[in-house]
Amino acid sequence: MPDFVRPNRELTTGEIAALTRAALREGDPVDRPICNIAPLDTAGAADISFLDNSKYLGELAGTRAGACLIAPRFAAAAPRGLAALETPHPYPAFVAVARALFPAALRPSSLFGTSGRAMSAQVHATARLEAGVTIDPLAVIGPHAEIGAGTLIGAGAVIGPDVRIGRECAIGAGVTIQQALIGDRVIIHPGVRIGQDGFGYLPGPRGHQKIPQTRRVIIQDDVEIGANTAIDRGATRDTVIGEGTKIDNLVHIAHNVMIGRHCLIAGQTGLAGSVTVGDFAIMGGQVGISDHLTIGAGAMIGARGGVMSNVPAGARWAGYPAGPILDWKREVATLRRLVRRGRKSEGTSE
Amino acid sequence: MPDFVRPNRELTTGEIAALTRAALREGDPVDRPICNIAPLDTAGAADISFLDNSKYLGELAGTRAGACLIAPRFAAAAPRGLAALETPHPYPAFVAVARALFPAALRPSSLFGTSGRAMSAQVHATARLEAGVTIDPLAVIGPHAEIGAGTLIGAGAVIGPDVRIGRECAIGAGVTIQQALIGDRVIIHPGVRIGQDGFGYLPGPRGHQKIPQTRRVIIQDDVEIGANTAIDRGATRDTVIGEGTKIDNLVHIAHNVMIGRHCLIAGQTGLAGSVTVGDFAIMGGQVGISDHLTIGAGAMIGARGGVMSNVPAGARWAGYPAGPILDWKREVATLRRLVRRGRKSEGTSE
Amino acid sequence: MPDFVRPNRELTTGEIAALTRAALREGDPVDRPICNIAPLDTAGAADISFLDNSKYLGELAGTRAGACLIAPRFAAAAPRGLAALETPHPYPAFVAVARALFPAALRPSSLFGTSGRAMSAQVHATARLEAGVTIDPLAVIGPHAEIGAGTLIGAGAVIGPDVRIGRECAIGAGVTIQQALIGDRVIIHPGVRIGQDGFGYLPGPRGHQKIPQTRRVIIQDDVEIGANTAIDRGATRDTVIGEGTKIDNLVHIAHNVMIGRHCLIAGQTGLAGSVTVGDFAIMGGQVGISDHLTIGAGAMIGARGGVMSNVPAGARWAGYPAGPILDWKREVATLRRLVRRGRKSEGTSE
């Protein structure tokens, strides 16, 4: 069966110790070759795992992993045969190893093995491609679009007129981009929709009048956007996704939304029109933010949170209507206590 | 940087006064050229803003806007230099100006600058296109499909056999349409899926049997459908989207759903099978409606509402399970009061 | 107007009685031709309906249906003229008739009437297609991909390198598949995204480091996946969709998720990373499951359920945070009772 992602190299346990500043247990092999990552329970002799949580401690004794990055408190339990790499930060070390083994997996690559420009792609005569652009089959690049060096445009992607895409980006298959400026090193997964009209109407008793949406989408450097997410262009101010922000699949970002730098927004979250989000904010899955609200820098909204008022910087909110997470937990606990009391007082024994 | 949406014309402040029946303040210039719309805080000398909400009154004094449509109660505060256009309805007037400046932005246009039929589009020999149809590159039009005059089929869109699309429609890039009849002036944004099989199975202990979905999707005139929304075809009755209804991004509309005229359905809402929605109903974002329910004409479901019973015409509901919005607010308030009491009685001082 | 789905044959009422083991009422015609299915209220003379619910009993007297599969308790009410087919299981019988009338509707077919491989499709020289594969226009098949006999690849679909797709599958228009192995008889509706990178980062104060996602997506036999659903490939273990599982539109399935056999997952549901779901589990629409949880075999999660802890096998849960459905109903009822009491004690008469 195909592996798809093949390591670009292998690392010895000694090289891994050096890379991660982990301490290899005395007597463990320095030259054992490692070429993949895996969890303890499924790892084999050429795989490296990590252990930083007592939940998985039970898997340690029986693991077949070749090496394990391990927290000091668990190190004594590491079985013989395993190359034990002790470090106070096993998970970041594990990620560092993964990134060293699979540098090519850090950015999507051509699904057709294309190098340069596929003959079947439709590139407008006025589009400008820098050197080293890869255009997969059947992509469409509109008039006056500009694509930076090293960028990949996936199969069937459609880039509208005047769109600018920076360097070293990966635009997935079947993506559509219009009225947008995209920075460098941006990853956009398949099926993402950027820059279409937002949902703006003047309601009326004989029907709803469409309001022209005249602004753009600005995607800053190092943003990643998940599959089938939709980001509408601005109506009266640009929709902006700040540098380094990561957005998951099937997220809805309405017109005029401004998201700061290095935010994390999980799957199926929706931001209504004109929401402003500060830097380093985090939203769990299926969060909803009502229109015109402000989410402060560093705020965290728990999965499913339905936010109906401004969230202060650094706050941790959850629930619906969302409030401080401790309040929400108290609400849940209070209601459950009332139910239990009610059943007791009724003598229910169900 | 490109502006993408360029005004088709400019309007003088005098023309705007005439168009909107606003009263230009005495002494303000009649011939100031306006060519774009903007909010007060970012507007420049050729932009028009509006003010109808005291929340934004603070921005009035410092605005650099060339003109402002302004409610009578704020008119006295308009600074010199601004062309103040007094009107009891600033926002509708602002929309009217936007529509007059940007008539071409009221309907999506070709992303490739195509006029007529792109050579690379695959149009079946038996498809019938009226005059003035635009087919962008790499679109696919199936056998016996019919496309009305003035309609745009976007790049990579796929139109299945026998589908009929009316006049002056805009079908976005990468859209797929099958087993559907589409009216006139319909706008379908990129990535929308129309007419695929609904989710219908006869469950069983050895697996679930697929039930043929034999009906169609009917999209009436002047409907707009947001990016990546999915509308399944009917199983035993047609799925219908009524005239003038507007649907946002990532909405899920299951088989047999019948939506009336001039409804507004915000992002990520889901309507389960066989739901019926009356005319002019409104749903906020992330609403869910259980199968076989009826939402009465003019009903409003607040964002996140989870509807598990029929909603009377004209009702305003919210919450989950949804009920009258006042009841829901009382539930939220009651629970929060109980939490506060509980903490007092425990002497908590956190 | 086109019917799109045309019955492949017609059945007489006698043949239907034989097929479903229903008892045709004495004196009713054995040779009446039936060629379509319809609900009682819209059925015509060549249509068959079913009745197993007193909710629809009122429609029986006035129906124009040619035949009706009917539960014994309603049989006496069947009007003359209708061919009444008495059976203890009207709905399964109705489904059996639908499947017999419309065998071709059990699997999507080419939207271009393609037979064989469309000239405009881009098939890599190293891809291997078995006999009887249909490739619609403008599909893209990457290097070393393998497609089994009888499979349809829809217009504009993109199949990445080394992907394997089994026999008798239907891959919809505009689908993208990468790093995945697909079984036999799998149906994937338009716009589905399979195998892209999951949402995995090591968060940090200077930005979030992307974690390579090195595993695959495995889709077993007889799975069906709804329009615009996204399924990420595994990070450290394969993402797996078990045999016979049916997934609706706009569902989000994150990396490392393992779903068992014959599950049903309704629209807009989201499963966070590393969730494990047992066989025959059922999830309503807009359900959310937090990461690393286990949903036991046969468990049912009601629509909108937000699951934050493991769900035992066979349990029926709902609410948010989800718990046993009876508990959730009690919570809702308790809160509503408290609101009513509060209003009484305040003498409110609103």
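The values are calculated or read from the model by the stated rules, or taken from the named source; none is laboratory data. Source: prediction; values computed, not measured. A quick note on method: Cβ atoms are made from the backbone with ideal geometry, for glycine too, and the neighbour counts reach across all protein chains shown. Protein only, heavy atoms only, side chains kept; ligands, DNA and RNA dropped before computing areas. Shrake-Rupley method; radii C 1.70, N 1.55, O 1.52, S 1.80 Å.
Computed quantities for the displayed model
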item: The range C:227-302 and the range C:157-197: distance between their alpha carbon centers, rounded to Å; result: 17 Å
item: Estimated FRET transfer efficiency when R0 is 45 angstrom, pair C:C35-B:A297 (beta carbons, to 0.05); result: 0.80
item: P(r) histogram, all alpha-carbon pairs of chain A included - 10 Å bins from 0, percent; result: 6, 20, 20, 23, 19, 9, 3, 1, 0
item: Kirkwood-Stokes translational diffusion coefficient of the protein assembly as shown, alpha-carbon pairs, 20 °C, 1.002 mPa s, µm²/s; result: 71 µm²/s
item: Per-residue mean of C-beta atoms belonging to partner chains within 10 Å, peptide C:215-227; result: 4
item: Rounded to whole Hz, the Karplus (6.51, -1.76, 1.60) HN-Hα couplings of the range A:216-225, x for glycine and proline; result: 10, 10, 10, 10, 7, 4, 6, 7, 10, 10
item: P(r) histogram, all alpha-carbon pairs of the range B:73-120 included - 5 Å bins from 0, percent; result: 4, 14, 15, 15, 12, 9, 8, 7, 6, 4, 3, 2
item: Environment charge of C:R233, counting only residues whose C-beta is closer than 9 Å and scoring Lys/Arg +1, Asp/Glu -1; result: -1
item: Label point 7 Å beyond Cα along the C-beta direction, distances from B:P203 to other copies (nm, shortest first); result: 3.7, 3.7
item: Electrostatic dipole magnitude of the protein assembly as shown [Cβ: Lys, Arg +1; Asp, Glu -1; Cα centre; debye, to 20]; result: 2640 debye
item: Exercise: per-residue mean of other protein chain Cβ atoms within 10 Å, B:231-237; result: 4
item: Label zone at A:L202 (point 7 Å along Cα-to-Cβ), backbone N below 20 Å, the range B:87-129; result: B:87-108
item: Whole-number D in µm² s⁻¹ for the range A:188-234, Kirkwood Cα-pair radius fed into Stokes-Einstein, 20 °C, 1.002 mPa s; result: 174 µm²/s
item: Cubic angstrom per residue, convex hull over Cα atoms of the range C:267-319; result: 56 Å³
item: Scattering profile of the range C:236-275 at q = 0.24, 0.29, 0.35 Å⁻¹ [log10 I(q)/I(0), Debye over alpha-carbon scatterers]; result: -0.77, -1.04, -1.20
item: Cα-centre dipole for the range C:140-222 with unit charges at Cβ (Lys and Arg positive, Asp and Glu negative), debye to 20; result: 400 debye
item: Convex hull per residue volume in Å³, alpha carbons only, for the range A:201-350; result: 152 Å³
item: Exam field: A:R64 pseudo-label spacings to other copies (7 Å along Cα-Cβ), nanometres; result: 6.9, 6.9
item: Taking only Cα atoms of the range C:277-350, radius of gyration then Dmax in Å; result: 16.0, 53
item: Percent breakdown of C-alpha pair distances by 10 Å bin, ordered from the shortest bin, for the range B:29-115; result: 18, 48, 21, 9, 4, 0
item: Beta bridges by DSSP in the range B:215-350, antiparallel share as percent, to the nearest 5; result: 10 percent
item: Sorted peptide list for C:42-51, B:218-227, criterion being average Cβ within 10 angstrom, highest first; result: B:218-227, C:42-51
item: Spherically averaged projected area in nm², based on the convex hull that wraps the Cα atoms of the range C:4-53; result: 4.3 nm²
item: Counting all C-alpha pairs of the range A:163-220, share separated by more than 13 Å (%); result: 66 percent
item: Interface size C-B, as summed buried accessible area [1.4 Å probe, Å², nearest 100]; result: 5400 Å²
item: Of all accessible heavy-atom area on chain C, the percent that carbon and sulfur account for (1.4 Å); result: 52 percent
item: Estimated [θ] at 222 nm from DSSP helical runs (n ≥ 4, -39500 (n - 2.57)) normalised by residues in chain A, nearest 500; result: -4000 deg cm²/dmol
item: Chain B: relative contact order as a whole-number percent, Cα under 8 Å and 6+ apart; result: 6 percent
item: Nearest-first distances (nm) between copies at B:H89, label 7 Å from Cα via Cβ; result: 6.1, 6.1
item: The range B:116-172 - Rg over Rh from alpha carbon coordinates, Kirkwood radius; result: 0.90
item: Simple label model, 7 Å out from Cα along Cβ direction - C:Y91 to A:E26, nm; result: 7.0 nm
item: Cα-based shape type of the range A:127-228, given that a ≥ b ≥ c are square roots of the gyration tensor eigenvalues and the cut on a/c is 1.5; result: prolate
item: Global size of the range A:9-163 as Cα Rg and Dmax, reported in angstrom; result: 22.3, 66
item: Accessible surface, per residue, of chain C when the full set of protein chains is kept, probe 1.4 Å, Å²; result: 37 Å²
item: Environment charge at B:A83 (Cβ cut-off 13 Å; Lys +1, Arg +1, Asp -1, Glu -1); result: -2
